[in-house]
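Derivation of every value follows stated rules applied to the coordinates shown; laboratory data play no part. Bear in mind the structure is a predicted one, so any value in this text is a computation, not a measurement. Using ideal geometry, Cβ is built from the backbone for each residue, glycine included, and neighbour counts are taken over all protein chains shown.
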Amino acid sequence: MAARKLLVDIHTHVYLPRYASVLRSRSSVPLIRTDASTQEERLLILDHEPSGGRPVGPQYWDREEKLKFMDKHGIHVSVVSSANPWLDFLPASQAHTLASELNTDLEEYCSTSPLLASNDTQLKRLYGFGLLPLVPSISTTALLEIVNQISSLPHLKGLIMGTKGIGKGLDDPALDPVWGAIEKAGLVVFLHPHYGVDASAYGELDNGHVLPLALGFPFETTIAATRLILSGVFDRFPNLRLLLAHSGGALPALSSRLASCIDHDPVVASRLKHDARFYLGKLYLDAVAYGPEELGFVSDTIARAARYEKGSSISIQEQLDRSIGSKRMLFGTDHPFFPPLSATEKWRSVVENLEAIDAVQGWSDVNKEGVRGGNAMELLNLSN
Ligand code: 5CU
């Protein structure tokens with residue numbers, strides 16, 4: 001029997017109830033506070049959050065709301081991850097305990113979700129990316145213990161992480177044992193931003209959240225992923241599977257410039273086994289880019305990576321085949337962020353990303369099905 005064509009959302013977040021309680025107990029950002037006049041809860045997680053924060057409600061923590069959102073948009077399966085700023089603000093021992101508890105909570109959230117309605121599948125509606133307690137002063141032993149925990153939980157298929165590592169970023173050599181353990185366990189790392197760039201770059205005009213979210217977030221991912229490449233992580237851990245949020249930010253557009261700068265820097269050039277563009281072909285990227293031209297371009301840069309594999313015999317035609325690149329791109333929504341500003345049947349942020357996938361020139365119907373769900377099924381080893 002032919003496999004069903006599934007819509008799988010790999011970029012979708014939750015503040016699990018236990019985490020929301022921690023945010024409610026805090027008096028400095030990140031926090032959830034109750035507005036005294038309206039009794040509405042407000043979320044403050046970003047620097048320079050507009051005064052009072054923004055409204056939050058059950059969509060951020062209630063599993064039924066996640067399932068309703070999925071039903072409304074025809075999403076069969078979601079791979080849910082904790083939303084930023086994860087455990088970044090906690091001392092090491094609290095982060096360690098909470099990571100373990102939240103991973104157990106997420107496993108329960110997923111394992112008790114409904115089966116996809118069908119007689120011939122054991123597929124659930126919900127899977128997850130767990131959390132590591134990546135904070136300063138945490139021991140390697142504690143991090144490895146949590147990698148082991150995540151790999152023992154059957155509905156967790158990987159883990160989400162921010163860009164700070166244990167304080168010095170993701171190119172910190174102290175993280176090598178962690179990359180090694182993640183690679184060995186076959187977990188996917190979903191790299192997601194939170195801090196953006198230095199806020200002074202945003203100027204004084206009130207642009208709300210536009211600059212931090214549209215530019216700051218993707219630039220943070222761009223820098224973190226580039227630092228990983230430059231550190232040689234992908235040479236040391238060639239089977240590491242890294243999924244970048246927001247289609248890898250500016251990395252695809254800057255990858256040839258990056259390669260040229262490396263060529264002109266003997267220290268970095270001698271550290272790496274390959275041209276920088278080769279490493280783009282090792283990455284997975286979400287398709288949260290909102291436009292078909294961007295998705296097409298990103299897939300071109302992934303397809304092109306094969307040209308930079310030493311000894312590659314790939315033909316010129318294959319190098320330019322963006323359908324090859326589409327195989328590393330995966331649909332996402334960013335739910336529950338970017339809710340519609342007024343009541344609508346469907347969320348614009350979701351519809352736009354689906355329309356973008358549909359309109360990419362040079363992607364076949366099979367490629368588009370892959371981006372919508374097939375690629376996620378394969379990457380995360382979910383069977384239909
Ligand atoms: O709107 C936002 O602040 C966010 C956020 O914090 N995290 C995210 O994934 N998307 C949007």
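Report the FRET efficiency, 1/(1 + (r/R0)^6), for V351 and R257, where r is their Cβ-Cβ distance and R0 is 35 Å, rounded to 0.05. Efficiency at R0 = 35 Å is approximately 0.55.
Could you grab the relative contact order for the range 151-280? Cα pairs under 8 Å, six or more apart, rounded to a whole percent.
26
With bins 5 Å wide beginning at 0, the percent of Cα pairs of the range 258-308 falling in each bin runs 4, 20, 24, 18, 15, 10, 6, 1.
Among G325, A303, H274, whose Cα lies farthest out toward the positive end of the dipole of the range 220-341, if unit charges sit on the beta carbon of Lys, Arg (+1) and Asp, Glu (-1)? Projecting each Cα onto the dipole axis, the largest value belongs to H274. Near S81, the amide H atoms lying under 5 Å from its own belong to T12, H13, V14, F129; only residues 5 or more places off or on other chains count, and H is placed 1.01 Å from N. What percent do you get for the relative contact order of the chain when only Cα pairs under 8 Å and 6+ apart count? Here the relative contact order equals 16 percent. Here the residues C261, C110, ranked from fewest to most Cβ neighbours within 10 Å of their Cβ, fall in the order C261, C110. In this structure, the pairs whose alpha-carbon distance is over 21 Å, taken from K66/K368; K72/K124; K184/K327; K273/K327; K66/K346, are K66/K368; K184/K327; K273/K327. Qualifying trypsin sites (Lys or Arg not before Pro) in the range 159-221, where qualification requires a DSSP coil assignment and no more than 16 other C-beta atoms within 10 Å, comprise K168.
Shown for M377, M70, M161, M329: other C-beta atoms within 10 Å of each C-beta, ranked fewest to most, produce the order M377, M70, M161, M329. A compact globular protein would have a Cα radius of gyration near 2.2 N^0.38 Å; the ratio found for the chain is 0.96. Net charge dipole, the range 159-228: roughly 240 debye, given to the nearest 20, about the Cα centre with Cβ charges of +1 for Lys and Arg and -1 for Asp and Glu. Here is the list for the range 253-312: trypsin sites (Lys or Arg not before Pro) lying in DSSP coil, each with at most 14 other C-beta atoms within 10 angstrom of its C-beta, are K273, K310. Under a model in which nothing but the beta-carbon of Lys, Arg (+1) and Asp, Glu (-1) is charged, the chain shows a dipole of about 660 debye around its Cα centre. For the range 235-350, pairs of C-alpha atoms spaced more than 19 angstrom apart make up 53 percent of the total. Considering only V178, P193, S151, the residue lying farthest towards the positive end of the dipole of the range 139-198 is S151, judged by Cα position with unit charges set on Cβ. Computed from the C-beta positions of A269 and D198 and an R0 of 25 Å, the FRET efficiency is 0.30 to the nearest 0.05. Mean residue ellipticity, 222 nm, helices only, the chain: the sum of -39500 (n - 2.57) across DSSP H runs of n ≥ 4, divided by residue count and rounded to 500, is -11000 deg cm²/dmol.
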